[in-house]
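Remarks on the structure that follows.
Read-outs throughout are calculated quantities, based only on the coordinates presented, and are distinct from any laboratory measurement. Note that this is a predicted model, so its numbers are computed, not measured. All Cβ positions, even for glycine, are placed from backbone atoms using ideal geometry, and neighbour counts span all protein chains on display.
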Amino acid sequence: MPVDGAGPNFDNDPRGVPEMPSDVPPLKLLGHRRFVGFEPHQVVTFLNQTLKAYGLVFGVRMVPGGYELSVYDAEHPHETDAP
């Protein structure tokens with residue numbers, strides 16, 4: 001928590017989700033899908049379908065010990081300023 005006491009309050013929510021300040025406008029929901037279990041390829045398909053109009057493309061691949069998620073900028077494919 002910041003020294004001045006400002007910031008999200010995690011104390012009142014058992015899930016650890018911060019309370020939103022009352023002066024913050026609601027966020028626009030772009031998509032919603034519930035998953036039973038964790039299937040990375042289903043999550044990536046959902047992200048690609050939902051965010052295609054924003055020029056984003058997602059990929060996933062198995063790596064030793066887990067999965068690697070990649071995000072691509074399809075609007076500017078030749079700019080390579082990736083971290």
³J(HN,Hα) across segment 55-63 via Karplus (A = 6.51, B = -1.76, C = 1.60, θ = phi - 60°), whole Hz, x for Gly/Pro?
-> x, 9, 10, 10, x, 9, 8, 7, 10
For the pair PHE35 and ALA74, the simple spin-label estimate (label points 7 Å beyond Cα toward Cβ) gives in nm 1.9 nm
Work out the FRET efficiency for THR45 and GLU19 from their Cβ-Cβ distance, taking R0 = 41 Å, and round it to the nearest 0.05.
-> 0.80
Net charge contributed by nearby residues that have their C-beta within less than 13 Å of PHE46 (K/R +1, D/E -1) = +2
